[in-house]
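Engineer: I'd like to ask you about the structure that follows.
The values are calculated or read from the model by the stated rules, or taken from the named source; none is laboratory data. Note that the structure is predicted; figures quoted are calculated from it, not measured. Backbone-built Cβ (ideal geometry, glycine too); neighbour counts: all protein chains shown. We work out accessible area using only protein heavy atoms, side chains counted, and drop any ligands, DNA or RNA first. Shrake-Rupley method; radii C 1.70, N 1.55, O 1.52, S 1.80 Å.
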Amino acid sequence: MAVEARPAGGRPVHRTGLRRRLGLHTLSAREALFGYSIVGVVYLFFLIFVFGPMFLAFGVSLTWWDALSPISQAEFIGLENYRYIFFDERFRLSLLHDAEYTVKAYVGQIGLGLLLALLINNLRRWQTVARIITFSPVVLPLVATAILFVILMNPTWGLFNVILRALGLPPSTWLQDPTTAMNSVVLMVIWKYVGYYIVLFLAALQTVPQEYYDAAHIDGAGPWQTFWHITWPLIRPAFLFISIINIIANAQVFTPIFVMTGGGPARATEVVVVLTYNTAFTNFQYSRANAMAVVLFFIILALTLLQLRIMRRGGVESY
Amino acid sequence: MEVRRLSRRRLLAGLGATAVAVLAACAPSPAPTPAPAEQPKPGATPTPAPAPEVKPLLATPTPVPTLAPVPYKGGTKLLLRVHWSGVYFNDFQKIINEYNSTQGEKDKIYVELQRFVAGQAGPIATFIADFQAGTQEDIYHLNDAYFADLASRGFFRPPPPEIQSYIKENWLETAVRAGIWEGKIMGYPTENQTMAVFINKKMAQEVGLDPEKSPPRTWEEQREWAKKLTKIEGGKKLRAGFVWHDANGERQFVQRVVMHWLNGEDFVDTSVTPPKVNIATDIGRMITEYWYKLAEDGSLSADLGQAPQVWGNRLGAINWHESFAVYFVLVTQGQPGILEEQHTLVPFSADGSKRGSNTRNYHFLVSAKTKYPDECWKFLRWLNDGPEFRMQKFQTDVFGFVPSVKGYKLPDFFPAQMKEAYKKALENTTPMPVVRGLAQLYNILRDNQDALVLKKVKPAEAVQKMDQEFKQALKEAYSS
């Protein structure tokens with residue numbers, strides 16, 4: 001139905017005509033416009049606050065700029081920052097620390113998360129209580145948790161060493177020693193986030209139809225066979241997805257390390273983002289720090305693409 | 001049953017209203033609402049707004065309501081940010097309230113005090129972001145770590161010559177020198193952090209040592225003391241003879257500045273460009289080896305935790321530290337009596353022939369971007385000038401800093417012997433070097449010295465690495 005609007009003193013405008021001229025005369029076109037306008041807001045947000053700074057960071061990485069002077073004074077130096085960090089031993093070391101942290105945290109969070117999820121999923125009673133207990137560290141503020149662990153890990157009067165001594169075990173130097181510091185930080189993040197992965201795995205486990213388990217039980221399958229032939233194939237897509245988000249999150253670690261060790265002792269826990277921070281805000285080599293961030297971005301992107309490829313090969317396109 | 005469907009128009013209107021509400025919630029918060037104050041009668045002397053009763057020192061930090069500023073009644077507004085919180089912020093707000101309600105009214109200046117809230121990236125990132133955005137404070141309260149870096153980029157505006165002369169005349173020469181850029185005194189020094197050697201008398205007596213009658217006079221004697229004072233039982237270290245400034249580059253650097261100077265050279269040679277860190281000199285190597293020897297003796301606290309915890313829990317006996325840390329960090333956080341347990345010495349050279357210490361300060365500086373430089377200096381003059389020396393009084397009484405104002409009294413709560421030692425220490429001081437890239441130098445020293453005292457590297461290797469890294473850092477800091 002054509003709707004008329006009559007501007008004061010003007011000719012009536014037929015909205016249908018206007019819509020026709022704009023190509024919006026069909027319902028589907030109008031709905032598409034409405035949909036794009038809603039989604040467009042989100043894209044605009046991403047464009048301004050995510051992609052914009054990303055492109056800016058890449059642009060700055062090709063210059064020499066200290067962030068203290070106006071950006072107009074940035075000097076274009078091409079790939080010099082990339083050349084520098086490529087040969088910089090400290091950057092390479094920070095990449096190794098990043099890899100160490102990511103692998104250890106991945107094994108701890110995903111391995112323990114899956115194991116506990118399997119256990120909780122099999123609980124006949126107290127499942128909700130178990131979920132609440134394991135998820136509660138996730139809701140604690142990260143900085144507060146990190147500070148708490150610094151106290152617990154104090155080599156002299158921290159609770160962890162008190163417990164070790166009570167059990168007749170030798171105390172650890174925890175965060176004080178380069179050989180134990182990284183493991184100590186990883187221990188904290190495993191405790192903090194394992195509940196999150198438990199919830200994700202539980203969601204996946206609960207999609208497995210009970211009938212399959214019943215059939216396997218009738219056929220005499222043991223727990224390992226049931227897991228390997230029924231549970232695992234059905235949760236594998238979820239497992240791969242969870243792996244991607246875990247690796248992306250861990251590879252960019254900053255807060256726990258910044259709070260617990262500051263990258264020390266003796267740079268033993270200096271990961272890429274901590275080095276990037278120090279390069280930008282202590283050394284005022286802002287553009288070099290941007291180059292480090294760009295390199296880390298491409299490493300994470302490559303890992304993500306690799307995982308996606310593995311997923312597709314495994315026939316899990318739905319993720 | 002009729003189902004009411006949401007029309008697009010209503011949905012958009014709802015979204016619009018939500019967006020407005022979100023924007024309003026994210027908008028900068030208005031200035032703190034002043035407490036309702038009684039309108040002053042015409043001709044009456046204005047009085048500061050009523051303040052909640054706060055005690056200057058608390059054994060256990062507890063949340064404290066922020067003291068209300070006196071209401072703004074006109075005049076030029078100046079923004080000043082400080083990093084203190086809780087009762088300490090309130091104590092300073094009292095001083096600002098006093099200014100706003102008395103001299104400020106006459107000067108037609110109103111000082112707005114804000115707590116400096118550093119984001120995750122720390123204060124320097126906030127300074128940079130604010131400066132670039134033009135939302136920086138008019139008056140900076142700045143740690144020396146970034147002074148040269150920011151001054152060299154034109155962050156600050158020097159005071160008029162008469163104020164420079166006044167500062168030169170009334171503040172310790174070394175404190176003033178640390179705030180000079182291109183020959184100009186840039187601001188008022190504050191928060192003086194002069195190092196002394198603290199020895200816990202109780203611990204010393206336990207092992208038959210008496211710091212009052214026969215204190216260690218050389219570094220070798222100090223090493224022997226540290227060995228005796230270290231307590232190990234069943235393979236567990238219960239006490240370290242010597243407190244190591246673990247993971248703290250600033251403190252390790254200040255300690256080096258004092259130690260190098262006492263032995264006859266500046267830690268950082270600023271007579272050349274770029275400056276040179278004297279880490280590979282004979283004195284530099286000797287100090288590196290000294291730390292390693294203490295580590296080999298098992299006398300250092302590096303494996304016990306960070307220095308404040310070690311000191312606060314009486315796990316360390318000898319501590320080269322400054323009074324603010326010893327008094328403020330420990331006494332105010334539930335360690336009463338720790339000052340009385342100490343015997344204080346003036347830091348001494350390796351052979352004991354020279355004694356003295358350092359000055360290390362924050363500075364009040366005026367932003368180069370302020371529209372009101374004259375007003376800023378007028379306010380700072382009121383805050384810093386004698387005979388009241390309000391800022392110095394605040395620093396001395398509340399935090400336990402030793403004075404950087406010449407002849408100003410030491411904190412009343414210092415034991416008499418500690419006062420005596422500090423009086424001597426302040427007679428002979430060395431300044432902090434004014435160099436770009438200082439914060440980076442702190443980190444390089446920390447990373448390498450921590451590795452050294454944890455015996456992960458040998459002294460020669462540590463010296464070589466530090467030398468290389470210092471050179472690279474300074475080369476880059478001075479090339480940009």
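Engineer: Here's a check for you: in segment B:84-110, which residue that is open to solvent by 50 Å² or more (accessible area, probe 1.4 Å) and among the acidic types (Asp, Glu) is farthest from B:Tyr140 (Cα to Cα)?
Structural biologist: Among residues in segment B:84-110 that are open to solvent by 50 Å² or more (accessible area, probe 1.4 Å) and among the acidic types (Asp, Glu), the one farthest from B:Tyr140 (Cα to Cα) is B:Glu105.
Engineer: Right, something else. How many residues, within segment B:277-295, are of a type in the set (S, T, N, Q) and outside any helix (DSSP H, G or I)? Can you show your working first?
Structural biologist: Taking segment B:277-295 first, the residues of a type in the set (S, T, N, Q) are B:278, B:281, B:288.
Right, trim to outside any helix (DSSP H, G or I) and you get B:278, B:281.
Total satisfying the criteria: 2.
Engineer: For segment B:296-312, give me each residue that is surrounded by fewer than 17 Cβ atoms within 10 Å (Cβ to Cβ) and in a helix (DSSP H, G or I).
Structural biologist: B:Glu296, B:Asp297
Engineer: Just one of A:Leu159, A:Leu169 is over 23 Å from B:Arg314 (Cβ atoms), at pLDDT below 95 and either open to solvent by 40 Å² or more (accessible area, probe 1.4 Å) or more than 9 Å from chain B (Cβ to nearest Cβ) (or both); which is it?
Structural biologist: Working: A:Leu159 fails: over 23 Å from B:Arg314 (Cβ atoms).
Going through A:Leu159, A:Leu169 in turn, just one is over 23 Å from B:Arg314 (Cβ atoms), at pLDDT below 95 and either open to solvent by 40 Å² or more (accessible area, probe 1.4 Å) or more than 9 Å from chain B (Cβ to nearest Cβ) (or both): A:Leu169.
Engineer: Would a scan of segment A:276-288 turn up a residue that is more than 11 Å from chain B (Cβ to nearest Cβ), basic (Lys, Arg) and part of a helix (DSSP H, G or I)?
Structural biologist: no
Engineer: Consider segment B:229-273. How many of its residues are crowded, with 17+ Cβ neighbours inside 10 Å and either of a type outside the set (S, T, N, Q) or modelled with pLDDT of 95 or more (or both)?
Structural biologist: Here the count works out to 30.
Engineer: It is to be established whether one or more residues within segment B:460-476 are surrounded by fewer than 22 Cβ atoms within 10 Å (Cβ to Cβ), in contact (Cβ under 8 Å) with a residue 24 or more places away in the chain and assigned to a loop (DSSP other than H, G, I, E, B).
Structural biologist: No, every residue in segment B:460-476 fails to be surrounded by fewer than 22 Cβ atoms within 10 Å (Cβ to Cβ), in contact (Cβ under 8 Å) with a residue 24 or more places away in the chain and assigned to a loop (DSSP other than H, G, I, E, B).
Engineer: With segment B:185-250 as the region, which strands (runs of 3 or more DSSP E) entirely inside it contain at least 2 residues that are more than 28 Å from the chain's Cα centre (by Cα)?
Structural biologist: The strands (runs of 3 or more DSSP E) meeting that bar are B:231-233, B:236-242.
Okay, residues lined up against (1) assigned by TED's automatic domain parsing to the domain that holds A:Ala204; (2) open to solvent by less than 50 Å² (accessible area, probe 1.4 Å); (3) aliphatic (A, V, I, L, M):
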residue: A:Phe91; (1), (2), (3): yes, yes, no
residue: A:Leu96; (1), (2), (3): yes, no, yes
residue: A:Val103; (1), (2), (3): yes, no, yes
residue: A:Ala117; (1), (2), (3): yes, yes, yes
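Engineer: While we're here: Any residue at all in segment B:224-238 that is within 14 Å of another protein chain (Cβ to nearest Cβ), touching a helix residue (DSSP H, G or I) at 6+ places or on another chain (Cβ under 8 Å) and closer than 20 Å to B:Arg360 by Cβ?
Structural biologist: no
Engineer: Another question, if that's okay. Would you pick out the residues in segment B:334-378 that are free of Cβ contacts under 8 Å to residues at least 24 places away in the same chain and at positive phi?
Structural biologist: B:Gly337
Engineer: Within segment B:154-177, can one find any residue that is touching a residue at least 60 places away in the same chain (Cβ under 8 Å), open to solvent by 40 Å² or more (accessible area, probe 1.4 Å) and within 14 Å of chain A (Cβ to nearest Cβ)?
Structural biologist: no
Engineer: Determine which member of the set B:Lys293, B:Lys276 is open to solvent by 10 Å² or more (accessible area, probe 1.4 Å), out of contact with any strand residue (DSSP E or B) (no Cβ under 6 Å at 6 or more places or on another chain) and more than 14 Å from chain A (Cβ to nearest Cβ).
Structural biologist: B:Lys293
Engineer: Let me ask something additional. Any chance you could count how many residues in segment B:193-211 are in contact (Cβ under 8 Å) with a residue 24 or more places away in the chain and crowded, with 18+ Cβ neighbours inside 10 Å?
Structural biologist: Qualifying residue count for the region: 12.
Engineer: Look through segment A:139-188, keep the residues that are among the β-branched types (Val, Ile, Thr) and in contact with a Gly (Cβ under 8 Å, 6 or more places away or on another chain), and return whichever of them is farthest from A:Lys104 (Cα to Cα).
Structural biologist: Step one: of segment A:139-188, the residues among the β-branched types (Val, Ile, Thr) are A:139, A:143, A:145, A:147, A:150-151, A:156, A:162-163, A:173, A:179-180, A:185-186.
Now restrict to residues that are in contact with a Gly (Cβ under 8 Å, 6 or more places away or on another chain): A:151, A:156, A:186.
Details: A:Ile151: 22, A:Thr156: 26, A:Val186: 7 Å.
Among those residues, the one meeting the criterion is A:Thr156.
Engineer: Right, something else. Check A:Met292, A:Met260 and return the single one that is within 14 Å of another protein chain (Cβ to nearest Cβ) and modelled with pLDDT of 90 or more.
Structural biologist: A:Met260
Engineer: When residues of segment A:177-225 are filtered for being open to solvent by 60 Å² or more (accessible area, probe 1.4 Å), assigned to a helix (DSSP H, G or I), more than 14 Å from every other protein chain (Cβ to nearest Cβ) and among the hydroxyl-bearing types (Ser, Thr, Tyr), how many remain?
Structural biologist: Matching residues across segment A:177-225 total 3.
Engineer: Given the structure, is B:Asp297 out of contact with any Leu (no Cβ under 9 Å at 6 or more places or on another chain), free of Cβ contacts under 8 Å to residues at least 12 places away in the same chain and of a type outside the set (A, V, I, L, M)?
Structural biologist: So B:Asp297 does not fit the description; no.
Engineer: Could you please tell me which pairs satisfy a Cβ distance under 9 Å, a separation of 6+ or placement on different chains, a first residue in segment A:52-65 that is within 13 Å of chain B (Cβ to nearest Cβ), and a second residue that is open to solvent by 30 Å² or more (accessible area, probe 1.4 Å) and charged (D, E, K, R)?
Structural biologist: Between residues of segment A:52-65 that are within 13 Å of chain B (Cβ to nearest Cβ) and residues that are open to solvent by 30 Å² or more (accessible area, probe 1.4 Å) and charged (D, E, K, R), the close pairs are A:Thr63/A:Glu75; A:Trp64/A:Glu75; A:Trp64/A:Glu80; A:Trp65/A:Glu75.
Engineer: Right, next: Restricting to segment A:28-54, and then to whatever is farther than 23 Å from A:Asn290 by Cα, open to solvent by 70 Å² or more (accessible area, probe 1.4 Å) and not β-branched (Val, Ile, Thr), can you tell me which residue is modelled with the lowest pLDDT?
Structural biologist: In this case the residue turns out to be A:Ser28.
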